[in-house]
Amino acid sequence: MFLLLVHSAWAAPKKVAVFVALCDNASQGIQPVPKAIGDGDQPESNLYWGCTEGFGGCFRTSKAWKLKKKEIPDDKRIFERVVYLNDAGTVEVTAEAWRGSEIKACLAAFESALVSGNHDLCAYIGHNVLMDGPVDPPAAKAEKACDAIILCCMSESYFKDRLAKLGVRPVMLTTQLMYPGAFILRDALPVWAKPGSFEEIRAAAGAAYARNQKISLKAAKGVFAVLP
């Protein structure tokens, strides 16, 4: 028992990579949002990054997540890269803010990360770019088991079969039009890391969405697909 406790205490955190395609009225097939939050070249005010419910704003203000590193990548398509560790030390999240006009490259980077063998889970946040046209998936299959979360409108319809062909397990997909706020990821990742069941992960996502959107828990859970 003592050895088990020691092992658990020193277990490395699970590695999560998050790819955020900034909201961009000019280049994405979205219902336009106010200009101040829909400029894909302005991460600090962007709906999916700098705003209170964007990844940067959401994780920065969370008491359960601590910033470990922040950097500006050499790749000009990426504005910022941040690393967060949750207070339990079970999940380390590396997130990138991608230029809105580079959304297809962002999706390609997400899917390449899924099959790379370097992560336990990869997540995509942003507009469902597959609604705008095809994007070629990686030719390779996943080198090791990897989970996927895709927070965009109707991701189950567009991505479930695609992920299966890559050899990746989806743990959160969406069934309808929705707002992909990072608060969903913030609350669901610790449950996933326990590891929680598919239904427990869905319940955590639904509870976060219900609070944010001020809708019933039943309606909020309906936003997220029943998996597997």
- Any chymotrypsin sites (Phe, Trp or Tyr not before Pro) in segment 48-96 that lie in a DSSP loop and have at most 15 other Cβ atoms within 10 Å would be none
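Arrange the following residues from fewest to most other Cβ atoms within 10 Å of their Cβ: LEU166, LEU107, LEU114, LEU227.
On the way: LEU166 20, LEU107 24, LEU114 29, LEU227 16.
Sorted ascending by nearby Cβ count, the order is LEU227, LEU166, LEU107, LEU114.
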- Note on the structure: Once both label points are put 7 Å beyond Cα along the C-beta direction, the GLN213-ALA26 separation in nm becomes 3.0 nm
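Please list the three semi-axes, largest first and in whole Å, of the ellipsoid equivalent to the chain, using sqrt of 5 times the eigenvalues of its alpha carbon gyration tensor.
Details: eigenvalues 129, 77, 75 Å².
Sorted largest first and rounded, they come to 25, 20, 19 Å.
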- What trypsin sites (Lys or Arg not before Pro) does segment 155-228 have in DSSP loop regions with at most 10 other beta carbons within 10 Å? LYS214
- Task: Restrict the search to segment 87-123; then list the GluC sites (Glu not before Pro) that DSSP places in a loop and that have at most 10 other Cβ atoms within 10 Å of their Cβ.
- Result: none
- Inter-part gap, Cα centre of segment 7-55 to Cα centre of segment 111-130, in whole angstrom, is 14 Å
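With the contact rule set at Cα under 8 Å and sequence spacing of 6 or more, what percent relative contact order holds for the chain? Provide the component values of the computation, followed by the final result.
Numbers: 483 pairs, mean separation 41.3, N = 228.
Relative contact order comes out at 18 percent.
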- Principal semi-axes in Å for segment 1-130 [√(5λ), Cα gyration tensor, largest first]: 30, 16, 11
- Item | Estimated vicinal HN-Hα couplings, Hz - segment 72-85 in sequence order (Karplus 6.51, -1.76, 1.60; Gly, Pro = x) | 9, x, 5, 5, 5, 6, 10, 7, 7, 10, 10, 10, 10, 10
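Every number here is computed from the coordinates shown, using simple stated rules; none is lab data. These numbers were taken from a predicted model, which means no experiment stands behind them. Cβ atoms come from the backbone with ideal geometry, glycine included; neighbour counts cover every protein chain shown.
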